[in-house]
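Engineer: Have a look at this one before I ask anything.
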Amino acid sequence: MSAESTLRADIVEVGRRMYARGYTASNDGNISVRLGNDRLLMTPKSVCKGFMTPDMMCITDLNGRKLQGDRDPSTEMLMHLEVYRQRPDAQAVVHAHPPIATGFAVAGIPLNRAVLAEVLTTLGSIPIAEYATPSTQELPDAVRKYIKAHDGMLLANHGALTVGADLYSAYYKMETIEHFAKISLVARLLGRENLIAREEVERLQELRGTYGIKAPAPICADDTPSAADAAALCQVVEAPSGGGQRLVPDLMASPSGDAARTGGDAEIRLTYRELSALIEDAIRSLK
Ligand SMILES: [Zn+2]
């Protein structure tokens, strides 16, 4: 098989996997890959990614001019072109609407907390690009801000975008984002997230070098939830200082943290047993 026919088959396979895993519904999502230095192979508009055939793909130049194909290229072609323009290292771009990650994108909650070592060493952080009307120039404009420093991002009220050094690497980053979103959701439903301390995040960052993991920008550990401007230059993760501990309880999620942040006026919730113990303690101290 030629390189082009292999890539056509790979796009079909990645589309099938995305559809099978529920990352796209109906005709959602799009996939593209570089074909040599000056052309792109891209999914066409208005097809379900689960039922594509290799002959459906379009070939365009880097300005989006169609060079070959019976169908028109993806409606999100402008976003793909912008990514290739900003990231000469990117060989492939994947866009989908994985439901849990997209839920975070709808809620306006970036996946930027230091909680999983694997995610820190690969993607670093996953910011949210500002809302933009799909298929317009607004979307590439929104993506441009973060794409230089990130291989994956959420798109506000829309979905997720990943890039990679080859097609499967871009696809696996989409899997990582959805998997991370799922784990983050479960931890938050359970009521707490222990964060990896800043010092440990720095150690994980060194592992990138040891294992030859390529990243477009370094991780910047921070203990404030929003450092939006810095996110254009580095991968900002929320990681409090550990003071010798490698894991730090998430103070933002615990009742005592709320009280600390709001000067003691926040509502706290205690079980009957905890309340009884507090009262007994108070009585004992009076005696
Ligand atoms: Zn979309």
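Engineer: For the ranges 123-130, 241-248, what's the packing order if you count other beta-carbon atoms within 10 Å of each residue, average per peptide, and put the highest first?
Structural biologist: Peptide ranking by packing, descending: 123-130, 241-248.
Engineer: Write down the accessible area per residue of the chain in Å², having rolled a 1.4 Å probe over the full set of protein chains.
Structural biologist: Accessible area per residue: 50 Å².
Engineer: Something else about it: Assuming R0 = 51 Å, what is the FRET efficiency of D72 and L270, from their Cβ-Cβ distance, to the nearest 0.05?
Structural biologist: Efficiency computed from Cβ-Cβ geometry: 0.25.
Engineer: Percent of accessible area on the chain owned by carbon and sulfur, 1.4 Å probe?
Structural biologist: Carbon and sulfur together cover 55 percent of it.
Engineer: What order, most packed first, do the peptides 171-182, 43-54 have when packing is the mean number of other Cβ atoms within 10 Å of each residue?
Structural biologist: Taking the mean over residues of other Cβ atoms within 10 Å, the ranking is 171-182, 43-54.
Engineer: Mind checking which lysines have their Cα closer than 29 Å to the Cα of K145? Skip sequence neighbours fewer than 8 apart in that chain.
Structural biologist: K45, K49, K66, K173, K182, K214
Engineer: For the chain, return all DSSP H helices satisfying: extent of Cα atoms along own axis at least 27 Å; mean Kyte-Doolittle hydropathy at least 0.0.
Structural biologist: Sorted by number, the helices that extend far enough and score high enough are 167-190.
Engineer: Something else now. Just to confirm my numbers, what's the Cα centroid distance between the range 99-166 and the range 17-35 in Å?
Structural biologist: Cα centroid to Cα centroid, the span is 16 Å.
Engineer: Extending each Cα 7 Å along its Cβ direction at S2 and C48, get the distance between those two points in nm, one decimal.
Structural biologist: That separation, rounded to one decimal, is 3.1 nm.
Engineer: How far apart, in nm, are the 7 Å Cα→Cβ label points at D89 and D281?
Structural biologist: Between D89 and D281, the label points sit 5.0 nm apart.
Engineer: Then there is this: Select from the range 84-138 those chymotrypsin sites (Phe, Trp or Tyr not before Pro) which occupy a DSSP coil region and have at most 16 other Cβ atoms within 10 Å, ordered by residue number.
Structural biologist: Listed in order of number, the matching sites are Y131.
Engineer: Follow-up question, since we're still on this one. Is it possible to state the helix-based mean residue ellipticity at 222 nm for the chain, with each DSSP H run of 4+ residues giving -39500 (n - 2.57), the sum divided by total residues, to the nearest 500 deg cm²/dmol? What is it?
Structural biologist: It lands at -12000 deg cm²/dmol.
Engineer: Which residue fluctuates most in the GNM of the chain (Cα springs below 10 Å): R65, R87, R39?
Structural biologist: R65
Engineer: How would the range 37-123 be classified by its alpha-carbon gyration tensor: rounded, prolate or oblate, with rounded meaning a/c under 1.5 and the a/b versus b/c comparison settling the rest?
Structural biologist: It is prolate, given that a/c is not under 1.5 and a/b is the larger ratio.
Engineer: What does the C-alpha gyration tensor say about the overall shape of the chain? Classify as rounded when a/c is under 1.5, otherwise prolate if a/b is larger than b/c, or oblate.
Structural biologist: Prolate, since a/c reaches 1.5 and a/b exceeds b/c.
Engineer: Using a/c under 1.5 as the rounded threshold, could you call the range 76-153 rounded, prolate or oblate? The axes a ≥ b ≥ c are square roots of the C-alpha gyration tensor eigenvalues, and prolate needs a/b larger than b/c, oblate otherwise.
Structural biologist: Note, shape of the range 76-153 comes out oblate.
Engineer: Between E202 and R21, what length in nm is gained on full extension when 0.36 nm per residue of separation is reduced by their alpha carbon distance?
Structural biologist: 61.8 nm
Engineer: Which FRET efficiency value, to the nearest 0.05, is calculated for L190 and K214 with the Förster distance at 30 angstrom and r the Cβ-Cβ distance?
Structural biologist: 0.35
The values are calculated or read from the model by the stated rules, or taken from the named source; none is laboratory data. For clarity, every value in this text was computed on a predicted model and none was experimentally measured. In this analysis, Cβ positions are derived from the backbone assuming ideal geometry, glycine residues included, and neighbour counts consider all displayed protein chains. Keep in mind that these areas ignore ligands, DNA and RNA; they rest on the heavy atoms of the full protein, side chains included. Shrake-Rupley method; radii C 1.70, N 1.55, O 1.52, S 1.80 Å.
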